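To start, the structure itself, in structure tokens.
The values are calculated or read from the model by the stated rules, or taken from the named source; none is laboratory data. It should be emphasised that the depicted structure is a prediction, and the values quoted were computed from it without experimental measurement. Please note: Cβ atoms are built from the backbone with ideal geometry, for glycine as well, and neighbour counts cover all protein chains shown. Only protein heavy atoms, including side chains, enter the accessible area calculation; ligands, DNA and RNA are left aside. Shrake-Rupley method; radii C 1.70, N 1.55, O 1.52, S 1.80 Å.
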Amino acid sequence: QVQLVESGGGLVQAGGSLRLSCAASGGTLSTYFMGWFRQPPGKGREFVAAITWSQTYYADSVKGRFTISRDNAKDMVYLQMNSLKPEDTAVYSCARGRPGPAWRSWSDYDYWGQGTQVTVSS
């Protein structure tokens with residue numbers, strides 16, 4: 001059973017930065033596309049970013065501020081978040097993609113981490 005674990009969340013002031021990390025146990029990440037999703041307080045889960053083997057994709061709300069990357073040698077996936085805004089406050093989760101070309105919907109992923117809280121104060 002694959003388990004994903006996120007780390008790196010916390011409290012930061014608006015304009016600050018955080019780097020989230022995602023690691024796996026019981027399986028690998030390096031041969032799958034990976035995604036980050038977030039769930040703001042009182043709202044549904046939303047797509048943030050995804051990475052395949054050669055391409056990255058971002059939600060319009062984070063484009064230019066967030067960067068998704070992966071280190072296949074370490075079997076890790078990261079989300080660098082810069083210029084954070086209060087509206088970025090959410091629980092952020094990483095997820096491993098199902099085989100296939102789709103990557104934007106939560107249903108395109110089969111394994112999820114528990115999530116890490118990111119709180120941005122104004």
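Structural remarks
- Fraction of accessible area attributable to carbon and sulfur, region 69-122 (%, probe 1.4 Å): 50
- Normalised per residue, the volume of the convex hull around the Cα set of the chain (Å³): 95
- As a rough guide to protection, the peptides 9-17, 49-57 ranked by mean Cβ packing within 10 Å, highest first, stand as 49-57, 9-17.
- For the chain: relative contact order, % (alpha-carbon pairs under 8 angstrom, 6 or more apart): 36
- Table column - 3J(HN,Hα) (Hz), region 70-86, Karplus curve with 6.51, -1.76, 1.60, x for Gly and Pro: 9, 10, 5, 5, 9, 6, 10, 10, 10, 9, 8, 10, 10, 6, 5, 10, x
- Between S107 and K63, the simple label model (points 7 Å from Cα in the Cβ direction) yields a spacing of 2.5 nm.
- Calculated FRET efficiency for the pair Q1/N72, C-beta based, R₀ 30 Å, to 0.05: 0.90
- Assuming charge only on the beta carbon of Lys and Arg (+1) and of Asp and Glu (-1), the dipole of region 16-93 about its Cα centre is about 80 debye to the nearest 20.
- In this structure the chain gives 51 Å² per residue of accessible area when probed at 1.4 Å with all protein chains present.
- For region 65-122, projected area of the alpha-carbon convex hull averaged over all directions, nm²: 4.9
- Projected label distance in nm at A14 and T56, using a 7 Å step from Cα toward the beta-carbon: 2.5
- In Hz, Karplus ³J(HN,Hα) per residue of region 39-46 (6.51, -1.76, 1.60; θ = phi - 60°; x = Gly, Pro): 10, x, x, x, 10, x, 6, 10
- Candidate aspartates and glutamates - alpha carbon under 18 Å from K85, same-chain residues fewer than 8 apart omitted: E46, D60
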